[in-house]
Amino acid sequence: MKVLVLGSGGREHALVWKLKQSPSVEEVYVIPGSDALADIAHVVPLYKTEDIIDFAKLMKIDLTVAGPENILVEGIADLFEQEGLTFFGPSKAAAQIEGSKQFAKNLMKKYHIPTADYETFTDREKAISYIQQQKKYPIVIKADGLASGKGVVIAETEKAAIETVNAMISGAAFGKAGESIVIEEYMEGEELSVLGFADGETIIPMISSQDHKRIFDDDKGLNTGGMGAYAPTVLLTEETRKTIRETILYPVMEAMKKEGVPFKGCLYTGLMMTKDGPKVVEFNCRFGDPETEAILPLLESDLGEIMMSCAKGTLKGTTLQWKEGYAVDVVLASAGYPIGHSTGEKIRGIKWAEKECLVFHSGTKKKEGKYVVNGGRVLNVVGVAATLKEAQEKAYYGASVIQWEGMQYRHDIADKGLKHLLDKEREKKS
Ligand code: AMP
Ligand code: GLY
């Protein structure tokens, strides 16, 4: 089949790379793509939805896959399907599970899916009096709409909470996305994510993964789009995996169906492993970034075929095959990220890193045939190996041979996983 991937970042690079290995896939096209994607697939620089749909029809594309959330929330899946084109990704109505925190929280409340207690507000005074009644800090304040993963504030004090409410509701902090807010209880625990292939009816979870959202080591500093990830996590037992399926994944699929908005595509579930069991932090309506760059290198099944089953509603009975071992993805970011970022610095060493690692490009472009920096998150260097330690060593070897002026990265990606493995060993011995 011919597959069209929409997007241009590291997640799409990993998707395209994996689709190219799928026996069922003959050609992969990418819109709008990037210079790095042009090295492995046909990149078509189109930007208007009507032109993209025209292209898909003209080229007889069998399956279109969306990378980023914004186009899904705007309803691209519906536009393709209205034209008789097969699409991997949720409808506009189903994409609300990410597009509106309020929609997701109300759905979880109605269908008893475990998550933090919350209230939603558009009125400043009411929000502030709720915070003053709660008197429990930290307290979490979220802009309702899409805010590129940055619309969440964990306020440690009443003063900080009130300042956040004022900034969000006035529109100063996140524009329209923040005019309606969700205030919720702070959940204590370790965070991980489980992505699942979904066809509206059935959901099949992938291996679990753990993102590292803060800019600095030991989870310090500002939140980012994600500074690295590893997969699988070593946090889940057979039993917790079953609990996640039975109390969260299956019920949310059922809930979406009952609400008349069945979910198909990739459902991303962000989880907090609390002392009362796994609870939902958020749902996303697409593949996670950087999780995808760590998960897909371990997938052995035919990705094209699985995605087609999701789009066609025939996923039931599918089993996913995974490689034994681990993958660690270290994100290399440019100077100034996440507040701003530099551009144009010459990148050296990608070829050397590629001898031991996979390198997926998030923000690069070619200048006179050589890659230069073109974004905040620039490259994902992924080590794959039989043990988590070896995968981590490989990824950091790759990171060490790549260089540009001002490059920054975290040095502790997957340390959490290694610590859990050590704890487990100690437990066994004692
Ligand atoms: P979200 O955009 O909802 O995923 O939130 C971004 C990040 O904020 C999450 O990945 C968590 O680290 C943190 N967070 C969000 N909600 C909560 C909560 N209720 N309790 C603790 N941490 C949270
Ligand atoms: N890794 C977090 C996200 O994709 O939203």
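Among the criteria (1) out of contact with any Asp or Glu (no Cβ under 8 Å at 6 or more places or on another chain); (2) of a type in the set (A, V, I, L, M); (3) more than 16 Å from ligand 2 (Cβ to nearest atom), the one Met253 does not fulfil is (1).
Each residue in the stretch 204-235 was checked for being assigned to a loop (DSSP other than H, G, I, E, B), over 16 Å from Arg377 (Cα atoms) and either open to solvent by 20 Å² or more (accessible area, probe 1.4 Å) or in contact with a Pro (Cβ under 7 Å, 6 or more places away or on another chain) (or both), and 4 of them qualify.
Restricting the stretch 120-142 to residues that are in contact with an Asp or Glu (Cβ under 6 Å, 6 or more places away or on another chain) and not hydroxyl-bearing (Ser, Thr, Tyr), the residue that is surrounded by the most Cβ atoms within 10 Å (Cβ to Cβ) is Val140.
Of the residues Leu6, Leu37, the single one that is open to solvent by less than 20 Å² (accessible area, probe 1.4 Å), closer than 19 Å to Thr86 by Cα and in contact (Cβ under 8 Å) with a residue 60 or more places away in the chain is Leu6. Of the candidates Pro251, Pro232, the single residue that is under 17 Å from Thr115 (Cβ atoms) and away from ligand 1 (no atom under 16 Å from the Cβ) is Pro251. Taking the listed residues Lys355, Lys279, the one that is within 16 Å of ligand 1 (Cβ to nearest atom), of a type outside the set (S, T, N, Q) and open to solvent by 20 Å² or more (accessible area, probe 1.4 Å) is Lys279, with no other qualifying. Applying the set (1) open to solvent by 20 Å² or more (accessible area, probe 1.4 Å); (2) within 16 Å of ligand 2 (Cβ to nearest atom); (3) closer than 17 Å to Leu79 by Cα; (4) not β-branched (Val, Ile, Thr) to Lys48 leaves exactly one unmet item: (2).
Considering only residues that are farther than 12 Å from Phe283 by Cβ and within 14 Å of ligand 1 (Cβ to nearest atom), look in the stretch 110-119 and name the one that is least open to solvent (accessible area, probe 1.4 Å). Top of the filtered list is Ala116. Summed over the stretch 375-410, residues that are farther than 12 Å from Asp329 by Cα and buried (at least 23 other Cβ atoms within 10 Å of the Cβ) total 3. Scanning the stretch 283-305 for residues that are of a type outside the set (Phe, Trp, Tyr), crowded, with 20+ Cβ neighbours inside 10 Å, assigned to a strand (DSSP E or B) and within 16 Å of ligand 2 (Cβ to nearest atom) turns up at least one hit. Of the set (1) within 23 Å of the chain's Cα centre (by Cα); (2) over 25 Å from Gly225 (Cα atoms); (3) surrounded by fewer than 23 Cβ atoms within 10 Å (Cβ to Cβ), all apply to Phe103 but (2).
If I filter the stretch 307-339 down to residues being open to solvent by less than 10 Å² (accessible area, probe 1.4 Å) and not in a strand (DSSP E or B), which single residue comes out as nearest to Ser22 (Cα to Cα)? Checking each candidate, the answer is Met307. Among the candidates Glu190, Glu201, Glu179, the residue that is open to solvent by 50 Å² or more (accessible area, probe 1.4 Å) and either within 16 Å of ligand 1 (Cβ to nearest atom) or modelled with pLDDT of 95 or more (or both) is uniquely Glu201.
The values are calculated or read from the model by the stated rules, or taken from the named source; none is laboratory data. From a predicted model like this one, the values you see are computed outputs, not experimental measurements. Heads up, the Cβs are rebuilt from the backbone with ideal geometry, glycines too, and the neighbour counts pull from every protein chain shown. What goes into the accessible areas is simple: the full protein's heavy atoms, side chains included, and nothing from ligands, DNA or RNA. Shrake-Rupley method; radii C 1.70, N 1.55, O 1.52, S 1.80 Å.
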